[in-house]
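Throughout, read-outs are computed from the coordinates displayed, never taken from laboratory work. Model, not experiment: these values are computed from the prediction. Glycine gets a Cβ as well: all are built from the backbone with ideal geometry, and neighbour counts include every protein chain shown.
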Amino acid sequence: MSEIVMRQVDGITVLDVTRSFMQISRTSEERPKLRQLVTESLDSGHNKIVLNLSQVVYFSNTALGELIGVFKTIRERGGHLKLSNVPPSVRAGLELSRLIKIFDICADEAAAIQSFDVCNNEAAILFSPTASEGPMSSVESFPPAPKGSMSQIGMRQVDGITVLDITKSFMQISGTSEECGQLRQLVTESLDSGHNKILLNLSQVVSCSNTALGEFNRVLTMIRRRGGHLKLSNIPSRVRTVLELTHLITIYDVSDNEAAAIQSFKSTA
């Protein structure tokens, strides 16, 4: 087995991810390697990390789960992750799983290193609550939610926390559905009003479409960019299975019910 190589370039950790790692199974000895190296980098104070995928041909579901896991670890530690030299087959897999919007992807290693410098110089702009430009601007632009569409997502406040009651119809939307922008609009309204702790209550949900999962990924990105926190509660078994199969379960903060989610927000306040 070839080892993942870790090196420093201008104070940025570059991890050369191997072809064999991206083909790992759940029982592979290589499985914890990437997480170990990422943790080692973070512990040493290097929280800007590039994963160089130039050696990769395709990825297994287990490898995708590991990428999501290190993404979450780096974000939780205040760091930044970029992917470089992403082959077409891997990019296609990220697009199909709706993860392409979550990862920061650069054409090559040099572009990734340079983009970290840009982030340093323009951090106040990129992470400002009023920022309208930058790599995520297309994600945050959406049409107004229609007033008369199917069934409306309910928005309420519980102890200063925004609870959005997701409807069955919303979770079955297609890319051309009138309801497609509604969740993002309500999340934006909550953030703009200073309520950045948001809970999605899925108690009414039975199943979910790929479009609905994409909307969840977009609002997660929006909330995190605005310094907020997102939790999911009351997830039905069929939806949980989909999140597990797509490895999205590792990204979201999940609670069994609304009361538990509200309490968890309070304990982290």
Where does each of 22, 155 land when they are ranked from fewest to most other beta-carbon atoms within 10 angstrom? 155, 22
Mind sorting 247, 195 by how few other Cβ atoms lie within 10 Å of their own Cβ, fewest first? 195, 247
Compute, for the stretch 5-121, the length of the dipole vector about the Cα centre, with Cβ point charges of +1 (Lys, Arg) and -1 (Asp, Glu) only. Units Debye, rounded to 20. 380
Using the Cβ atoms and a cut-off under 11 Å, what net charge is assigned to the surroundings of residue 16, where Lys and Arg are +1 and Asp and Glu are -1? 0
Quick one: which of 82/266; 82/231; 101/168; 48/168; 33/82 span more than 29 angstrom between C-alpha atoms? 82/266; 48/168
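For a quick check: sort 103, 116 by the number of other beta carbons within 10 angstrom, fewest at the front. Write out the running numbers ahead of the final one.
Values: 103 16, 116 20.
In increasing order of surrounding Cβ atoms, one gets 103, 116.
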About the Cα centre, and with charges only on the beta carbon of Lys, Arg (+1) and Asp, Glu (-1), how big is the dipole of the stretch 145-267? Nearest 20 debye, please. 180
Measure off 7 Å from each Cα along the Cα-to-Cβ vector at residue 185 and residue 207, then give the distance between these two points in nanometres to one decimal. 2.7
